[in-house]
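Each remark here refers to the structure printed beneath this line.
The values are calculated or read from the model by the stated rules, or taken from the named source; none is laboratory data. Because the structure is predicted, anything quoted here is derived from the model rather than measured. Cβ atoms come from the backbone with ideal geometry, glycine included; neighbour counts cover every protein chain shown. The accessibility values were calculated without ligands, DNA or RNA, using every heavy atom of the protein model including side chains. Shrake-Rupley method; radii C 1.70, N 1.55, O 1.52, S 1.80 Å.
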Amino acid sequence: ALLGAPDELETASQERLDQLLSAVSSARGKRLSQAERDSALEKADNEVAELNSLGASLVTMFDGPETYPGRLLECYRPPLFLQILGDATVLLRDCIAIVGSRKPTPEGVRAASDLAGQLAAAGLVVVSGLAYGIDKAAHVGCLDAGGQTIAVLGSSVDEIYPAIHGPIAWTIAGSGGGAVISEFHLHTQPTVYTFPQRNRVISGLSLGVLVV
């Protein structure tokens, strides 16, 4: 209801928010105490401050199509927010994902790198997951061709995984080469559950997915 009336979103009072929540059946009886609200807001403020100190930015679903990629809204449970190291505007460009084995053959590495370079030269942003093998080859092939690439993490932006790919991540984020992004809060370590979550963002950002 608030998103449907942006002017109201700017001026919404706590009383109005409570009215809207009480009208939603799933929210009835789940009211936060004032202390819980204050604690949540303080935690959010602290995380935003820490993001700023990292030079990262924050994009939320509520920011609209000028900032939040509309294609991502079509995926399963689109992320409420994305934390971004690098150029946030690259998320709005036409993207193609390149993913594959973490233990590829030499031919697989060459294919991924060459395809990433050719697609970058054609004007597409190459999206991958910064993992070993094909993911790394895709990012590097894109960068070598002077293109832009997006690395979607299964961890937070301050916990680059795998750590050995940190230099690639900083090249992507720091040289105009694209962006390193995550939907996870700061200090989140990767788990077996975070990678499938990450994968839907890779596909959600992209016009298509190329599996090498």
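Miscellaneous remarks
- Accessible area expressed per residue, region 1-132, with surrounding protein chains retained (probe 1.4 Å, Å²): 62
- Of all segments of the chain bounded by chymotrypsin sites (Phe, Trp or Tyr not before Pro) found in a DSSP loop with no more than 15 other C-beta atoms within 10 Å, the longest spans 1-75.
- On Cα atoms only, tilt of 134-144 relative to the major axis of the chain in degrees: 80
- Calculated [θ] (222 nm, deg cm²/dmol) that DSSP helices of n ≥ 4 give over the chain, each run adding -39,500 (n - 2.57): -12500 deg cm²/dmol
- Coil-residue GluC sites (Glu not before Pro) of region 40-99, DSSP, other Cβ within 10 Å capped at 13: 66
- Working from Cα pairs under 8 Å separated by at least six residues, relative contact order for region 99-159 is 38 percent.
- Annotation: region 88-162 has a Kirkwood hydrodynamic radius of 12.1 angstrom, from the mean reciprocal C-alpha pair distance.
- Think of the chain as a dipole: +1 on every Lys or Arg Cβ, -1 on every Asp or Glu Cβ, centred on the Cα centre; then among 41, 175, 212, 212 lies furthest on the positive end.
- By average C-beta atoms within 10 angstrom, highest first, the peptides 117-123, 14-20, 171-177: 171-177, 117-123, 14-20
- For residue 130, residues with placed amide H under 5 Å, excluding near neighbours: 152
- Here region 110-212 is treated as a sphere whose radius is the Kirkwood value from Cα pairs; by Stokes-Einstein at 37 °C and 0.692 mPa s it diffuses with a coefficient of 246 µm²/s.
- With respect to the chain, whose longest principal axis is taken over its alpha-carbon atoms, helix 34-54 is tilted by about 30°.
- Among beta bridges that DSSP assigns inside the chain, antiparallel share in %, nearest 5: 40
- At most 16 other Cβ within 10 Å, DSSP loop - GluC sites (Glu not before Pro), region 95-204: 159
- Across region 43-153, the mean sequence separation of Cα contacts (distance under 8 Å, 6 or more residues apart), normalised by length, yields a relative contact order of 22 percent.
- Dipole moment magnitude, nearest 20 debye, the chain about Cα centre, only Lys, Arg, Asp, Glu C-beta charged: 820
- Under the criterion of Cα pairs below 8 Å and six or more residues apart, the relative contact order for the chain equals 21 percent.
- Compared with the dominant Cα axis of the chain, that is its longest principal axis, helix 106-121 is turned about 60°.
- Per residue Cα convex hull volume in Å³ - calculated over the chain: 134
- Accessible surface of region 1-130 [probe 1.4 Å, protein heavy atoms]: carbon and sulfur percent: 55
- Environment charge at residue 124 (Cβ cut-off 9 Å; Lys +1, Arg +1, Asp -1, Glu -1): 0
- Spatial separation of Cα centroids for region 86-101 and region 183-197, in angstrom: 19
- Per residue, the solvent-accessible area of region 139-182 (1.4 Å probe, heavy atoms of protein chains only, all protein chains present) comes to 32 Å².
- Only Lys, Arg (+1) and Asp, Glu (-1) charged, at Cβ; region 33-118 dipole about Cα centre in debye: 500
- Other residues whose C-beta falls under 14 angstrom from the C-beta of residue 100 contribute a net charge of +1, scoring Lys and Arg +1 and Asp and Glu -1.
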